[in-house]
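Participant: There's a structure below that I have some questions on.
The values are calculated or read from the model by the stated rules, or taken from the named source; none is laboratory data. Just so we're clear, the structure is a prediction, and the values are computed from it rather than from any experiment. All Cβ positions, even for glycine, are placed from backbone atoms using ideal geometry, and neighbour counts span all protein chains on display. Surface areas here come from the heavy atoms of the whole protein model, side chains and all, with no ligands, DNA or RNA. Shrake-Rupley method; radii C 1.70, N 1.55, O 1.52, S 1.80 Å.
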Amino acid sequence: MAHKIGKRLRQARSTIDRARSYSLAEAVKLVRASAKAKFDETVEVSINLNLDPKQPDQNVRGVVPLPHGTGKSVRVAVFARGAAAEAAKAAGAELVGAEELAATIEAGQMDFDRVIASPDMMAIVGKVARVLGPRGLMPNPKLGTVTPNVAEAVKAAKSGAIEYRADKTGILSVGVGKASFTDEALMGNIRTLLQAVVRARPSGIKGVFINRITLSSTMGPGVHLDSSEANQAA
């Protein structure tokens with residue numbers, strides 16, 4: 001199997017000029033063409049940003065709804081009580097609760113991808129912050145995951161809202177769909193993500209903001225995108 005995967009990658013790479021930056025349309029076609037695995041590969045965008053994440057005023061993080069979704073089923077846990085809890089359940093949340101949900105998390109049962117909380121639940125959420133935080137699951141009002149309207153937050157998560165965040169090296173990587181998506185759907189999602197990242201540019205950054213953009217599928221090679229259009233918008 002390893003030999004077959006290696007051969008597939010070599011063949012895919014032979015169709016890509018690694019020294020060239022492609023247009024978005026060209027890059028999407030190349031990435032989809034190289035996604036030959038037996039499963040529906042995720043298409044990921046990796047953005048190398050000109051910033052220092054160690055500086056508190058240079059943190060790039062946010063949530064953006066993708067117009068065509070991600071193609072992934074998102075399981076949502078919600079900290080809420082009463083009417084808010086019922087609304088979260090009606091919106092499709094898989095796990096809803098307060099102290100009992102915290103106990104479930106402390107027991108290591110974490111079969112979910114997103115955590116949402118109503119503001120009055122944060123004292124309870126804080127008790128499991130040491131578990132949620134390292135996994136990037138801690139609710140945050142800046143990301144819309146601490147909100148009095150938990151039902152809307154659940155719907156947003158279910159419909160394809162994704163979180164993006166630059167890591168400690170200034171690289172932001174996020175899935176934007178599946179290889180089975182059409183070119184147009186992937187392009188729409190990628191443009192939406194890039195626009196959100198540009199809007200999140202820290203005011204103190206001078207010069208070029210986006211150093212490099214790479215598009216790839218789960219098992220495929222990376223394709224460099226022409227970042228000039230995104231930088232002009234920034």
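Participant: Give region 100-112 a look and list any residue that's more than 16 Å from R130 (Cα to Cα) and part of a helix (DSSP H, G or I), or say none.
Facilitator: Here is the first cut: in region 100-112, the ones more than 16 Å from R130 (Cα to Cα) are 100, 111-112.
Within region 100-112, E100 is the sole residue that qualifies.
For (1) surrounded by 15 or more Cβ atoms within 10 Å (Cβ to Cβ); (2) at pLDDT below 90; (3) touching a Lys or Arg at 6+ places or on another chain (Cβ under 6 Å); (4) not in a strand (DSSP E or B), each residue gets a yes or a no:
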position: R8; (1), (2), (3), (4): yes, yes, yes, yes
position: T70; (1), (2), (3), (4): yes, no, no, yes
position: A83; (1), (2), (3), (4): no, no, no, yes
position: A87; (1), (2), (3), (4): yes, no, no, yes
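Participant: If you check every pair at least six apart or on different chains, which have Cβ atoms under 7 Å apart with a residue in region 181-205 that is within 23 Å of K72 (Cβ to Cβ) and among the acidic types (D, E) first and a residue that is assigned to a helix (DSSP H, G or I) and open to solvent by less than 20 Å² (accessible area, probe 1.4 Å) second?
Facilitator: D183/V28
Participant: Separate question: Output the number of the condition that I162 fails; it satisfies all remaining conditions of (1) at pLDDT below 95; (2) among the hydrophobic types (A, V, I, L, M, F, W, C); (3) in a helix (DSSP H, G or I).
Facilitator: (3) is the only condition that I162 fails.
Participant: Give the residues of region 140-164 that are among the polar types (S, T, N, Q) and either touching a helix residue (DSSP H, G or I) at 6+ places or on another chain (Cβ under 9 Å) or on the phi > 0 side of the Ramachandran plot (or both), sorted by residue number.
Facilitator: Just the residues of region 140-164 that are among the polar types (S, T, N, Q), to begin with: 140, 145, 147, 149, 159.
Within region 140-164, T145, T147, N149 qualify.
Participant: Within the bounds of region 103-116, is there any residue that is of a type in the set (S, T, Y), open to solvent by 20 Å² or more (accessible area, probe 1.4 Å) and in contact (Cβ under 8 Å) with a residue 40 or more places away in the chain?
Facilitator: Taking region 103-116 as the starting set, the residues that turn out to be of a type in the set (S, T, Y) are 104.
Filter once more, keeping what is open to solvent by 20 Å² or more (accessible area, probe 1.4 Å): 104.
Still in the list and also in contact (Cβ under 8 Å) with a residue 40 or more places away in the chain: none.
Taking every residue of region 103-116 in turn, none turns out to be of a type in the set (S, T, Y), open to solvent by 20 Å² or more (accessible area, probe 1.4 Å) and in contact (Cβ under 8 Å) with a residue 40 or more places away in the chain.
Participant: To continue, here is another question. Checking the condition surrounded by 20 or more Cβ atoms within 10 Å (Cβ to Cβ) and over 27 Å from G136 (Cα atoms), which residue from V43, V28, V60, V76 passes? Outline the logic, then answer.
Facilitator: Values: V43 fails: over 27 Å from G136 (Cα atoms); V60 fails: over 27 Å from G136 (Cα atoms); V76 fails: over 27 Å from G136 (Cα atoms).
Among V43, V28, V60, V76, only V28 is surrounded by 20 or more Cβ atoms within 10 Å (Cβ to Cβ) and over 27 Å from G136 (Cα atoms).
Participant: Moving on to the next point. So for region 139-157 (the condition being over 18 Å from A93 (Cα atoms) and open to solvent by less than 70 Å² (accessible area, probe 1.4 Å)), does at least one residue qualify?
Facilitator: Residues of region 139-157 over 18 Å from A93 (Cα atoms): 141-142.
Remaining after also requiring open to solvent by less than 70 Å² (accessible area, probe 1.4 Å): none.
For region 139-157, residues over 18 Å from A93 (Cα atoms) and open to solvent by less than 70 Å² (accessible area, probe 1.4 Å): absent.
Participant: Among the residues of region 195-232, write down those that are β-branched (V, I, T), closer than 10 Å to L49 by Cβ and open to solvent by 20 Å² or more (accessible area, probe 1.4 Å).
Facilitator: Listed by number, the list holds a single entry, V208.
Participant: May I pose another question? Give K54, K127 a once-over and let me know the one that is touching a residue at least 60 places away in the same chain (Cβ under 8 Å) and open to solvent by 40 Å² or more (accessible area, probe 1.4 Å). I'd like the intermediate steps shown before the answer.
Facilitator: Numbers: K127 fails: touching a residue at least 60 places away in the same chain (Cβ under 8 Å).
Just one listed residue meets the conditions, K54.
Participant: Here are V96, V45, V115, V31: which of them is of a type in the set (A, V, I, L, M), farther than 17 Å from G160 by Cα, assigned to a strand (DSSP E or B) and at pLDDT 95 or above? Can you show your working first?
Facilitator: Working: V45 fails: farther than 17 Å from G160 by Cα; V115 fails: farther than 17 Å from G160 by Cα; V31 fails: assigned to a strand (DSSP E or B).
When all the criteria are applied, what remains is V96.
Participant: Can you pull out every residue in region 120-139 that is assigned to a helix (DSSP H, G or I), under 15 Å from A84 (Cβ atoms) and touching a helix residue (DSSP H, G or I) at 6+ places or on another chain (Cβ under 8 Å)? Before the answer, list the steps.
Facilitator: First pass over region 120-139, keeping only residues assigned to a helix (DSSP H, G or I): 120-126, 129-135.
If we keep only those that are under 15 Å from A84 (Cβ atoms) as well, we get 120-122, 124-125.
I124, V125 - these are the residues of region 120-139 that are assigned to a helix (DSSP H, G or I), under 15 Å from A84 (Cβ atoms) and touching a helix residue (DSSP H, G or I) at 6+ places or on another chain (Cβ under 8 Å).
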